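Structure, as structure tokens:
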Amino acid sequence: MKILVINAGSSSLKYQLYDMKDESVLASGRVERIGMDSSIVTHEPADKPEVRDVQEILDHVTAVKRVIDLLVSPQHGVIGAMTDIDAVGHRVVHGGETFKESVLVNAEVKLEIRNLFDLAPLHNPAHMMGINAVEANLPGVPQAVVFDTAFHQTMPDVAYLYPIPKVLYRRHKIRRYGFHGTSHNYVSEQAAKVLEQPLESLKMITCHIGNGASCTAILGGKSVDTSMGLTPLEGLMMGTRSGDLDPAIVPFTMNKEDLTLSEVNSMLNKHSGLLAISGVSSDMREIVEGMEDGDKNSKLAFDMYTYRLRKYIGSYAAAMNGVDTLVFTAGVGENSVALRKAVCDGLTFLGLRLDDELNAQRSKQARVISAPGSAVRVLVVPTNEELIIARDTYRLSAAAAETAAGE
Ligand code: AMP
């Protein structure tokens, strides 16, 4: 069975084609600058050279058509015909309170995703364009949607409600949703496998630290709290996002600096975080380099970033009345030896002991990096959101085919 995984943004579309026989990636790629005159298509087949071309791609329907043409092309392709694509899975950022798990797309599901446009105005409309574009190019092929929020729907009300007038929750569904759920779910399962212990028995904190960053408390395999909130702005300090701050800063700054809502929004999402404090970059590699070169602002940015992450880990240990497993994942979490050391060296009060040699080893494998006897096992687990989407899509479409065959 071949599953195409799509992550559609407003002007981009990333894809991976999986062969579920052995979960191998046959090809991956991306279309960038959709809707502009010079769109860039990059196609990377597993066993053939990469293709990169620039052409006009005005909408998502044309982008998906171009992807399918490449996948079946005799020269660059990896499958014989487009009928070889058995199902398509989409990443959808916001599933609100409606979607607690992945589902197959039908008219009702599309309507619900549309109803959630308000909660994710930058993401959900783009995902819908991706779904419609697949429908137009591959009519009748089952599609599934996998939500970033779904894993966190197990949070109790004490964790997901904000202490603001309740009418705002009733009218507008203002509450904590959390994001990166697919990743937190996947790495928690992988960590339990590495430890050879049932996930249900663990008190785990997973740190997805990439461009965006979030931290989740996972008790017995279920998300009980997470740092991102109504939107992906809350919580940890990130590359360009502020994370937590006094909400009064928003009206105060708008007043003092004469900013509009959209300007203050842009300030907090695009011009804050590591970038604002270091004045150098939003990329942790450059921050660490700057710090090593003696740049004071890079050091301050690094220290604030790791301090805030450590406080979250401490608070989630309190939320679960303990923690026995700490997991690092995503671009920074998987690769930054310095970040993991700075965070873990301040958590010895939990009985956590990092093994500096294991921490410094480079590997693409999920692995333990704490010292033997550490009360909290620390792991690095590479995330793979696309694989989860492919697996869910495979499971749902195979079950639907079986049901249809039995009728
Ligand atoms: P992601 O959003 O998970 O793709 O993570 C992307 C981010 O990972 C980049 O912006 C970098 O800041 C960070 N990153 C990647 N490699 C390294 C590295 N070796 N050390 C520190 N940060 C890294």
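Only the coordinates and a few stated rules stand behind these numbers; no lab work does. Treat the numbers as computed from the prediction; the structure is a model and nothing was measured. Cβ coordinates were reconstructed from backbone atoms using ideal geometry, including for glycine residues, and neighbour counts include every protein chain displayed.
Calculated from DSSP H runs of 4 or more alone, at -39500 (n - 2.57) each and per residue, what is the 222 nm mean residue ellipticity of the chain, nearest 500?
Mean residue ellipticity, 222 nm, calculated: -12000 deg cm²/dmol.
I need the calculated FRET efficiency for the pair residue 321 and residue 101, taking r as the beta carbon distance and R₀ as 30 Å, to the nearest 0.05.
According to the calculation, E is roughly 0.60.
Quick check: residue separation of residue 255 and residue 367 times 0.36 nm, minus the Cα distance between them. What number comes out in nm?
35.4 nm
Can you tell me the Rg and Dmax of segment 123-270, counting just the alpha carbons, in angstroms?
18.3, 56
Bin width 20 Å, origin at 0, all Cα-Cα pairs of the chain: what percent of pairs per bin?
25, 57, 18, 0
What is the calculated FRET efficiency for residue 283 to residue 398, with r their C-beta to C-beta distance and R₀ = 51 Å, to the nearest 0.05?
With a Förster radius of 51 Å, E is 0.80.
So between residue 263 and residue 197, what do we pick up on full extension, going 0.36 nm a residue minus the alpha carbon distance?
Gain in length upon complete extension: 18.9 nm.
Among DSSP beta bridges whose residues both lie in the chain, state the antiparallel percentage, nearest 5.
Counting DSSP beta bridges with both partners in the chain, the antiparallel share is about 70 percent.
If only Cα atoms are counted, what is the Rg of segment 359-399, and what is its Dmax, in Å?
When restricted to Cα atoms, segment 359-399 yields Rg and Dmax of 15.7, 44 Å.
Highest mean first, how do 191-202, 302-313 rank when packing is the count of other Cβ atoms within 10 Å averaged over residues?
The densest-packed peptide leads the list: 302-313, 191-202.
What is the sum of charges, Lys and Arg at +1 and Asp and Glu at -1, for the other residues whose Cβ falls under 14 Å from the Cβ of residue 209?
Net charge around residue 209: +4.
Using DSSP to define loop residues, name the chymotrypsin sites (Phe, Trp or Tyr not before Pro) in segment 77-180 whose beta-carbon has at most 10 other beta-carbon atoms within 10 Å.
Taking segment 77-180 and a limit of 10 other Cβ atoms within 10 Å, no loop chymotrypsin sites (Phe, Trp or Tyr not before Pro) are found.
Regarding segment 266-407, what are the three Cα extents along the principal axes, ordered largest first, in Å?
69, 44, 32
Run the Debye formula on the Cα coordinates of segment 1-83, all scatterers equal and no solvent, and tell me log10 I(q)/I(0) at q = 0.18, 0.25 1/Å.
Summing over Cα pairs of segment 1-83 leads to -0.69, -1.24.
Between residue 158 and residue 48, how high is the FRET efficiency from 1/(1 + (r/R0)^6) when r is the Cβ-Cβ distance and R₀ = 51 Å? Nearest 0.05.
0.45
What is the fewest-to-most order of 146, 54 by other Cβ atoms lying within 10 Å of their Cβ?
In order of increasing Cβ crowding within 10 Å: 54, 146.
When the chain is fully extended, how far beyond the present Cα-Cα distance does residue 117 get from residue 248, taking 0.36 nm per residue of separation?
44.5 nm
I'd like the distance separating the alpha-carbon centroids of segment 13-76 and segment 119-176, in whole Å.
Using only Cα atoms, the two centres lie 26 Å from each other.
Helix 124-137 versus the longest principal axis of the chain: what is the Cα-based angle in degrees, 0 to 90, to the nearest 10?
Long axis of 124-137 versus the principal axis of the chain: about 20 degrees.
Angle, helix 261-270 long axis vs. longest principal axis of the chain, Cα atoms, 0 to 90°, nearest 10?
80 degrees
How large is ³J(HN,Hα), in whole Hz, for each residue of segment 161-172 in order, when computed from phi with the Karplus curve 6.51 cos²θ - 1.76 cosθ + 1.60 and θ = phi - 60°, using x for Gly and Pro?
For segment 161-172, the Karplus curve yields 8, 9, x, 10, x, 5, 4, 5, 6, 5, 6, 10 Hz.
Using alpha carbons only, how many degrees (0 to 90, rounded to 10) separate the axis of helix 296-319 from the longest principal axis of the chain?
Result, in degrees: 90.
Let me check against my output: what whole-number percent is the relative contact order of segment 284-407, with C-alpha pairs under 8 Å and at least 6 apart?
Rounded, it is 21 percent for segment 284-407.
Tell me the net charge near residue 388. Cut-off is 14 Å between Cβ atoms, residue 388 excluded, with +1 for each Lys or Arg and -1 for each Asp or Glu.
My count for the surroundings of residue 388 gives -4.
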